[in-house]
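Structure first, commentary second.
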Amino acid sequence: MTVRIVVSRYNENVEWTKAFSNVTIYNKGQPLDKSFNEIPLNNVGREGHTYYLYIYENYDTLDDYTVFLQGNPFDHSPNLNYDLQQYIKNSTTLNFDFAYLSKYIYKFTANGCRKHGKYLPIQETYAKLFDKQMNTKTRFEFGAGAQFIVSKQSILKKPKLFYYKIIELLQTNINPIEGYVIERFHKLIFDEEILDASYDEL
């Protein structure tokens, strides 16, 4: 199995990526030198825009697993280097759909998130993406820092145009409020069945 690392960079130091192969850097800041595999992008939509643009543009040629990271991933994932080495070392036997790479996992509800100081359009964003209303009693979990690994099998559960809907939602400006919602939706996007989980299970 193959593992691809996708990095959403602004102006962070990404020298750490040179310890790994199969790295694609989407760069929304100052150009990097030619030693990096860099794809320049307009600075819109936070890291979520980067992640789902990669999925949309590579939908038919995805690796078996894709790791999505920020330019400086270590604030939220201090053990990242070790974790990535383990995934790569054991790539032939990986057998899961989705895993956060975050040190801290938080809970939120359809009505808001205590880790965000202002209103988040959680229900409205869900309705736009999934074309249905959210169960307001459901509680969810998300990994701080929006960093995770996901299988190709999970990505392909949704049609390509679904990911374009996310891109459209996020490409309106540099820091759309929906970007904070998508950060909380990553696991949900790849596994809607978690909507059936009870509060006790989370």
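In contact with an Asp or Glu (Cβ under 6 Å, 6 or more places away or on another chain), surrounded by 14 or more Cβ atoms within 10 Å (Cβ to Cβ) and touching a residue at least 60 places away in the same chain (Cβ under 8 Å) - does that describe any residue in segment 82-97? Within segment 82-97 (the criterion being in contact with an Asp or Glu (Cβ under 6 Å, 6 or more places away or on another chain), surrounded by 14 or more Cβ atoms within 10 Å (Cβ to Cβ) and touching a residue at least 60 places away in the same chain (Cβ under 8 Å)), the answer is no, since none of the residues qualifies.
Residue-by-condition table, conditions (1) out of contact with any Asp or Glu (no Cβ under 8 Å at 6 or more places or on another chain); (2) surrounded by fewer than 17 Cβ atoms within 10 Å (Cβ to Cβ); (3) in contact (Cβ under 8 Å) with a residue 12 or more places away in the chain; (4) under 24 Å from A99 (Cβ atoms):
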{"site": "W16", "(1), (2), (3), (4)": "yes, no, yes, yes"}
{"site": "Q30", "(1), (2), (3), (4)": "yes, yes, yes, no"}
{"site": "F36", "(1), (2), (3), (4)": "yes, no, yes, no"}
{"site": "P40", "(1), (2), (3), (4)": "yes, yes, yes, no"}
{"site": "N43", "(1), (2), (3), (4)": "yes, yes, yes, no"}
{"site": "H49", "(1), (2), (3), (4)": "yes, no, yes, yes"}
{"site": "N58", "(1), (2), (3), (4)": "yes, yes, no, yes"}
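One line per residue, one yes/no per condition, for (1) more than 14 Å from H186 (Cβ to Cβ); (2) of a type in the set (S, T, Y):
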residue: A19; (1), (2): yes, no
residue: P40; (1), (2): yes, no
residue: N43; (1), (2): yes, no
residue: S91; (1), (2): yes, yes
residue: N111; (1), (2): yes, no
residue: Y126; (1), (2): no, yes
residue: N135; (1), (2): yes, no
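Restricting segment 1-55 to residues that are basic (K, R) and modelled with pLDDT of 95 or more leaves a set whose member that is farthest from the chain's Cα centre (by Cα) is K18.
Determine whether segment 128-136 contains at least one residue that is assigned to a loop (DSSP other than H, G, I, E, B), touching a strand residue (DSSP E or B) at 6+ places or on another chain (Cβ under 8 Å) and over 17 Å from N58 (Cα atoms).
So in segment 128-136, the residues assigned to a loop (DSSP other than H, G, I, E, B) come out as 131-136.
From what is left, the residues that are touching a strand residue (DSSP E or B) at 6+ places or on another chain (Cβ under 8 Å) are 136.
Still in the running and over 17 Å from N58 (Cα atoms): 136.
Yes, there is a match, as at least one residue in segment 128-136 is assigned to a loop (DSSP other than H, G, I, E, B), touching a strand residue (DSSP E or B) at 6+ places or on another chain (Cβ under 8 Å) and over 17 Å from N58 (Cα atoms).
The values are calculated or read from the model by the stated rules, or taken from the named source; none is laboratory data. Computed from a prediction, not measured in an experiment: that's the story for all the values here. All Cβ positions, even for glycine, are placed from backbone atoms using ideal geometry, and neighbour counts span all protein chains on display.
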